[in-house]
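Colleague: Can you keep this structure in mind? I'll have questions shortly.
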Amino acid sequence: MTPVEAVDAGAILEIRDLRLHFPIKAGLLKKTVAYVKAVDGVSFSVYPGETVGLVGESGSGKTTIGRCIVRLYKPTTGYIGFRTSEGVSDIANLDKRELQPIRRDIQMLFQDPNSSLNARMRVGDIIAEPLEIHAIGTADERRSRVEDLLEHVGLGAEMYNRYPHQLSGGQRQRVGVARALSIEPRLVICDEPVSALDVSVQAQVLNLLADLQEELGLTYVFIAHDLSVVEYISDRVMVMYLGKLMETAPTRKIFERPAHPYTEALLNSIPKRVRGGHRKRFVLTGDIPSPVNPPSGCVFHTRCQYAKDICKTESPPLMPLPDDPDTSVACHLVDELSLSPYYTSEERAGMETNRA
Amino acid sequence: MNRLTGGFGLFGARKKNVELGVQDEYQLLTVRQLMIRKFLRNRMALLSFIALVIIYLVTLFAGFFAPYTARDADSKLTYSPPMTIRLQDPETGHFHPPFFYPLRGKRNMETFQLEYVEEREKRIPVQFFVKGEPYKALGIIAWDVHLFGSSDPAERLHIMGSDVRGRDLFSRIIYGGQVSLSVGIFGVLITIAVGSVIGTLSGYYGGVFDNVVQRVIETIRSFPQLPLWMALAAAIPPQWPPEWVYAGIVVVLAFINWTGLSREVRGLVLSLKERDYVHAAEASGASTARIVRKHLIPNMASHIIVTATLAVPVTILGESALSFLGIGVRPPMVSWGLLLNDAIKIQNIVLYPWTLFPGAFILVAVIAYNFLGDGLRDMVDPFSR
Ligand SMILES: Nc1ncnc2c1ncn2[C@@H]1O[C@H](COP(=O)(O)OP(=O)(O)O)[C@@H](O)[C@H]1O
Ligand code: SF4
Ligand SMILES: [Mg+2]
């Protein structure tokens with residue numbers, strides 16, 4: 001493990017200019033004819049104990065980023081600095097053996113618990129798998145650890161010998177949570193962990209994740225395709241479109257003062273829960289363009305209602321707002337536009353007093 | 001470093017909102033129980049399974065179940081037709097313990113054929129657990145008791161007739177089953193071993209290895225099956241001892257079958273390795289060996305068993321075809337195909353139709369294996385109701 005100079009000293013995870021271009025092969029000789037630019041120059045930091053939401057339509061590259069962080073994929077280029085007690089190492093460039101100790105610190109929670117649990121394994125063995133892989137504890141210790149975990153995620157130790165098909169969807173995702181936490185990771189990549197679940201159990205699983213985070217001091221990167229889910233759980237939100245970040249901001253600001261047209265469009269697609277003045281709403285039409293040939297200039301220009309000529313030729317960099325360095329936006333017109341919020345700060349204050 | 005010590009404190013006994021799932025019967029059964037239940041529901045498969053178990057037991061203990069050995073000849077009773085075991089005297093109508101009338105051959109002076117008539121004066125009782133020709137049970141235990149047989153060693157009982165040298169066809173069919181049925185099993189074992197290893201490697205690693213393997217498989221499969229078998233079987237040196245020829249035939253038959261299984265396994269691996277539970281294991285740092293052992297094999301095993309079961313009858317037919325054509329196992333070994341070779345001439349089928357009996361056994365075994373394979377296929381997906 002070679003320590004790397006970290007730029008962002010406080011971050012547990014720092015990603016710089018990450019790219020993953022999947023080659024498309026064709027023909028008998030399997031020549032590469034094009035690339036799917038699933039992630040195309042993404043930089044961000046994650047700080048210990050926080051939850052960062054990663055939001056964007058399906059196909060924008062969120063899962064790919066998550067899989068690069070847990071190194072299911074090797075990035076094409078870029079830097080993924082992860083801080084351990086021994087210093088910072090660049091996960092993007094470690095080999096299999098060097099990665100092994102770091103894999104204990106980063107785990108992934110998958111979208112669909114039906115496919116993330118092996119139907120031929122007992123629940124207890126599924127949860128114990130990461131412990132077994134890293135040879136942690138004796139078989140007895142592992143067993144009692146798993147039983148503790150089962151209780152902890154609200155399943156009960158008697159589930160140890162069950163098979164996944166014997167559980168409900170919500171229970172299965174709890175097993176997924178228990179497996180992700182069994183080796184005590186510090187960072188968990190949650191890839192749309194509730195979007196495959198019934199609405200009635202989504203909140204239960206989100207609550208469980210929030211409780212566990214508080215209790216265990218976990219850091220989450222929480223992926224969702226819908227801002228309404230991350231509103232609840234995230235401290236900060238990163239809005240992603242076609243392999244690039246469009247806006248990163250504290251959750252509250254995303255809802256109260258969106259600074260990017262794509263963020264506004266995503267907000268408009270959430271059904272409104274508060275009473276108040278409805279402005280003319282802009283709704284996204286069409287599909288996300290192909291990441292093989294992304295649009296020139298600003299990748300969002302083909303669907304942006306504010307697009308101007310410059311948007312078609314020049315790619316706007318992700319820049320902090322001059323008056324608000326917590327928010328970064330990639331838009332040429334960031335200073336000129338006045339975008340409609342999901343709710344105003346007064347509405348929000350009203351909601352909070354209602355809740356209290 | 002053991003993190004467990006620090007870790008346990010974090011997980012107190014605090015219970016979270018326990019969810020009570022719906023629990024119908026389906027949810028209470030384990031995977032294995034679900035599979036067994038599905039299999040038992042398929043009557044034909046169950047029946048075929050029982051039939052195959054019986055056939056295999058009979059051939060395994062051939063010495064006991066066969067009244068004679070495979071080579072025991074009686075020159076006075078060549079091509080004798082099947083003899084009837086009777087309980088009733090056809091003349092008097094009286095009932096007796098099982099008996100038969102011996103056959104006496106008479107030359108028909110017009111056709112010069114030997115014609116057999118029952119000698120009604122002599123009633124020979126059929127005896128169970130009769131002492132007869134010595135044999136070695138399971139190839140090791142010397143014994144001479146047979147399940148049934150003629151009580152008079154001088155008067156032979158051929159319930160399925162006899163062949164050109166007067167050897168008991170029924171006994172030869174039982175001994176022949178040892179070869180025909182075991183060729184199926186051994187051929188398929190080789191198929192499983194080669195096919196699943198190569199299929200797993202090419203599915204998991206892909207790349208150049210996979211490319212080469214796929215081209216080789218396509219080449220092998222571009223030949224029609226039977227002519228390729230014949231060509232390969234013909235390449236087995238004639239001076240080899242019969243046991244080697246037998247092994248050679250097994251290898252020849254497996255040579256084509258492994259390609260089908262290997263493709264199936266490759267397809268399974270390609271799909272399984274993209275399942276999230278495999279990704280979860282990889283993200284936790286599982287070795288390839290562990291993923292194959294814990295995730296791929298358990299999820300492929302039942303598919304492999306089904307494919308293998310359905311490959312057994314193909315192998316049995318292959319052996320029969322080769323032996324029937326005289327390029328399979330060689331005498332003094334006996335197999336069903338080799339026995340059927342007696343019926344190769346059309347006049348033999350007309351004059352001695354019982355020489356077709358081995359074909360009936362081939363048919364029964366092949367059909368039973370196919371039903372069994374179908375039943376197992378249903379079982380493979382225990383979660384579909
Ligand atoms: N293994 C892969 N090979 C080729 N293309 C891929 C692969 N995985 C994802 N992609 C493509 O990359 C893009 C981003 O996918 P993904 O990261 O899954 O998006 P999201 O999770 O935001 O829906 C999509 O266009 C998808 O088709
Ligand atoms: S840069 Fe132009 S096209 Fe892109 S989001 Fe801003 S206004 Fe729209
Ligand atoms: Mg995704």
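The values are calculated or read from the model by the stated rules, or taken from the named source; none is laboratory data. This structure is a prediction, so every number in the text was calculated from the model and none was measured. Note that each Cβ is placed from the backbone with ideal geometry, even for glycine, and that neighbours are counted across all protein chains shown. Surface accessibility is based on the protein's heavy atoms, side chains included, excluding ligands, DNA and RNA. Shrake-Rupley method; radii C 1.70, N 1.55, O 1.52, S 1.80 Å.
Colleague: Sort out for me the helices (runs of 4 or more DSSP H) sitting completely within segment A:147-245 that have 1 or more residues that are at the interface with another protein chain (Cβ under 10 Å from one of its Cβ atoms). Give the derivation first.
Modeller: Working: elements: A:169-181, A:199-216, A:227-233.
In segment A:147-245, the matching helices (runs of 4 or more DSSP H) lie at A:169-181, A:199-216.
Colleague: Testing A:Arg67 on (1) touching a Gly at 6+ places or on another chain (Cβ under 9 Å); (2) in contact (Cβ under 8 Å) with a residue 24 or more places away in the chain, one condition comes back false. Which one is that?
Modeller: Evaluating A:Arg67 over (1) touching a Gly at 6+ places or on another chain (Cβ under 9 Å); (2) in contact (Cβ under 8 Å) with a residue 24 or more places away in the chain leaves (1) as the failure.
Colleague: For A:Arg252, which of the numbered conditions (1) surrounded by fewer than 24 Cβ atoms within 10 Å (Cβ to Cβ); (2) within 16 Å of ligand 2 (Cβ to nearest atom) fails to hold?
Modeller: (2)
Colleague: Next up: When you check A:Leu94 against the structure, is it at the interface with chain B (Cβ under 9 Å from one of its Cβ atoms), in contact with a helix residue (DSSP H, G or I) (Cβ under 8 Å, 6 or more places away or on another chain) and away from ligand 2 (no atom under 16 Å from the Cβ), yes or no? I'd like the intermediate steps shown before the answer.
Modeller: Details: at the interface with chain B (Cβ under 9 Å from one of its Cβ atoms): no; in contact with a helix residue (DSSP H, G or I) (Cβ under 8 Å, 6 or more places away or on another chain): yes; away from ligand 2 (no atom under 16 Å from the Cβ): yes.
No, not satisfied.
Colleague: With segment B:241-343 as the region, which helices (runs of 4 or more DSSP H) entirely inside it contain at least 3 residues that are within 14 Å of another protein chain (Cβ to nearest Cβ) and closer than 30 Å to A:Asp105 by Cα?
Modeller: By residue number, B:276-283, B:297-324.
Colleague: Among the residues of segment A:89-134, what is the count of those that are open to solvent by 10 Å² or more (accessible area, probe 1.4 Å) and without any contact (Cβ under 8 Å) to a residue 60 or more places away in the chain?
Modeller: Qualifying residue count, segment A:89-134: 15.
Colleague: Moving on. Which members of segment A:322-347 meet the condition of being within 20 Å of A:Ala307 (Cβ to Cβ) and of a type outside the set (S, T, N, Q)?
Modeller: If the condition is that a residue be within 20 Å of A:Ala307 (Cβ to Cβ) and of a type outside the set (S, T, N, Q), then A:Val329, A:Ala330, A:Cys331, A:His332, A:Leu333, A:Val334, A:Asp335, A:Glu336, A:Leu337, A:Leu339 are the ones that fit.
Colleague: Can you tell me how many residues in segment B:83-97 are closer than 30 Å to B:Asp144 by Cβ and open to solvent by less than 40 Å² (accessible area, probe 1.4 Å)?
Modeller: Here is the first cut: in segment B:83-97, the ones closer than 30 Å to B:Asp144 by Cβ are B:83-87, B:96-97.
When the remaining residues are screened for being open to solvent by less than 40 Å² (accessible area, probe 1.4 Å), the result is B:83.
The number of residues fulfilling the criteria is 1.
Colleague: Provide a single number: the residues in segment A:59-100 that are more than 15 Å from ligand 1 (Cβ to nearest atom) and either farther than 14 Å from A:Ile15 by Cα or in a loop (DSSP other than H, G, I, E, B) (or both).
Modeller: Selection size over segment A:59-100: 11.
Colleague: Take B:His295 and decide whether it is touching a helix residue (DSSP H, G or I) at 6+ places or on another chain (Cβ under 9 Å), crowded, with 22+ Cβ neighbours inside 10 Å and assigned by TED's automatic domain parsing to the domain that holds B:Phe324.
Modeller: Numbers: touching a helix residue (DSSP H, G or I) at 6+ places or on another chain (Cβ under 9 Å): yes; crowded, with 22+ Cβ neighbours inside 10 Å: yes; assigned by TED's automatic domain parsing to the domain that holds B:Phe324: yes.
Taking the combined requirement at face value, the residue satisfies it.
Colleague: Please work out which residue is least open to solvent (accessible area, probe 1.4 Å), limiting yourself to segment A:70-87 and to residues that are without any contact (Cβ under 8 Å) to a residue 60 or more places away in the chain and out of contact with any helix residue (DSSP H, G or I) (no Cβ under 8 Å at 6 or more places or on another chain).
Modeller: Looking at the filtered set, the residue picked out is A:Thr76.
Colleague: So, of the residues in segment A:53-69 that are open to solvent by 10 Å² or more (accessible area, probe 1.4 Å) and of a type in the set (Ser, Thr, Tyr), which turns out to be nearest to ligand 2 (Cβ to nearest atom)?
Modeller: A:Ser58
Colleague: Give segment A:162-178 a look and list any residue that's of a type in the set (S, T, N, Q) and at pLDDT 90 or above, or say none. It would help to see each step written out before you state the result.
Modeller: At the first step, the residues of segment A:162-178 found to be of a type in the set (S, T, N, Q) are A:166, A:168, A:171, A:173.
Those that are of a type in the set (S, T, N, Q) and at pLDDT 90 or above: A:Gln171, A:Gln173.
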